[in-house]
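The values are calculated or read from the model by the stated rules, or taken from the named source; none is laboratory data. Note that the structure is a prediction, hence the values are computed from the model and not measured. Every residue, glycine as well, gets a Cβ built from its backbone with ideal geometry; the counts of neighbours run over all protein chains shown.
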Amino acid sequence: MLEDTSKMVNTSRIVRPLSQITLGSPPAVSVLMPVYNTEKYVAEAVDSILAQTFGDFEFVIVNDGSTDGTLRILEEYAARDQRIVLLSRPNTGMTRALNDGLAVCRGEFIARMDADDISESNRLEVQIAYLQQHPDVVVVGADYRVIDEKGRVFSLMRHATSHSQIVDKLFCGSCSINHPSVVVRKAAIEAVGGYDERYVYGQDYDLWLRLSEKGVLANLDHFLMRYRHHECSITGGSIQKYCEDSRNAWRAAVVRRNLHSLQEPTFRPWRANRQIDTYTFMRHRAKSAFRIGEYYTGAIYTLKAAGYLSLQPKRLYDMFAGRVRRGFRKRAHFE
């Protein structure tokens, strides 16, 4: 929940003093980005925000106790661009970091950003225009391209666009709004008390459920983000915790809305909750890339899958033998 800033933030690690931050007219938008050990990608994420066609924003970055070179990179950016408000404090996890950042944000709108993703240059312009034209909407997300560690697109993700569809999916256990793609009205997120710090991994799912009780939820049918998916984006233990958080948030929403007749869904946020080997993982990426016309990326992952398979002669033999057996069975069936 939101608290007094002075209790949460180590002000000695704020690049611009709070007294300077509060001077002048507040910006229309506060971009909020928590960061933890993302030195490999954070510069690209920051550049994508600083290059936005919509210029009336501040960029609140919360360094959540990074132990690599992330803080040094961010300090260099903050020294060059006065729109950046850099907070650095000990590691507490994303939910507390988000609330720390919210306490400093001055904009009417809060745009979320993750430190390894990329915003398209017109993202803020499109989303802010939509919110200004639809005053009943409290949060708007967007479709996104899924990229790998090298920035290669291998999948496209589309979400439900209407409020009723989004809420239906939420109560079916699906988090149908992509957290780092959203812009939220600050008044709305303050009205529900910010992020609930009981939820370490499911803070977004819980927030959408609570915001849906205050106004309209929406997704734009525009690709405004490039969302980076890592081979080890989330561990099995984290997935179980996300499921647990989501289940508890769902139950709390049912109580608030008096919807006790609803059947509780089985929370399985990603197919990744079943372990797959490297070959299968590479093959899935190749198929996804070919499906959307990203043939170069598809070819790369096909070669990676083949290379990995070549290191497992027994599996290669079993696959070949299996195909031969299936071929003989089909031939016998037609004869």
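The set of residues in the range 41-74 being touching a residue at least 60 places away in the same chain (Cβ under 8 Å) and either in a loop (DSSP other than H, G, I, E, B) or more than 20 Å from the chain's Cα centre (by Cα) (or both) consists of 41, 51, 52, 53, 54, 57.
Residue 140 fulfils the conditions (1) surrounded by fewer than 20 Cβ atoms within 10 Å (Cβ to Cβ); (2) farther than 19 Å from residue 41 by Cα; (3) under 16 Å from the mean Cα position of the chain (by Cα) except for a single criterion, (1). When we screen 181, 212, 164, 174 for residues that are in contact with a helix residue (DSSP H, G or I) (Cβ under 6 Å, 6 or more places away or on another chain) and either closer than 17 Å to residue 30 by Cβ or assigned by TED's automatic domain parsing to the domain that holds residue 262 (or both), the only hit is 212. The one condition from (1) surrounded by 19 or more Cβ atoms within 10 Å (Cβ to Cβ); (2) of a type outside the set (Phe, Trp, Tyr); (3) more than 12 Å from the chain's Cα centre (by Cα); (4) assigned to a loop (DSSP other than H, G, I, E, B) that residue 197 does not meet is (1). Of the listed requirements (1) in contact (Cβ under 8 Å) with a residue 60 or more places away in the chain; (2) hydrophobic (A, V, I, L, M, F, W, C); (3) buried (at least 22 other Cβ atoms within 10 Å of the Cβ); (4) touching a helix residue (DSSP H, G or I) at 6+ places or on another chain (Cβ under 8 Å), residue 104 misses just one: (3).
Pairs meeting the criteria (first residue in the range 241-268 and outside any loop (DSSP other than H, G, I, E, B), second residue aliphatic (A, V, I, L, M), beta carbons under 7 Å, at least 6 apart or on different chains) are 241/200; 245/200; 249/209; 253/209; 254/262.
Does residue 109 satisfy the criteria of being of a type in the set (Phe, Trp, Tyr), modelled with pLDDT of 95 or more and buried (at least 18 other Cβ atoms within 10 Å of the Cβ)? Answer is yes for this residue. You will find that of 138, 146, 167, 184, the residue that is in contact with a Leu (Cβ under 6 Å, 6 or more places away or on another chain) and outside any loop (DSSP other than H, G, I, E, B) is 138 and no other. Among the residues in the range 65-78, are any on the phi > 0 side of the Ramachandran plot and either outside the structural domain of residue 198 (by TED's automatic domain parsing) or at pLDDT 95 or above (or both)? Checking the range 65-78: at least one residue is on the phi > 0 side of the Ramachandran plot and either outside the structural domain of residue 198 (by TED's automatic domain parsing) or at pLDDT 95 or above (or both). Every test in (1) in a strand (DSSP E or B); (2) crowded, with 22+ Cβ neighbours inside 10 Å is passed by residue 221 save one, and that test is (2).
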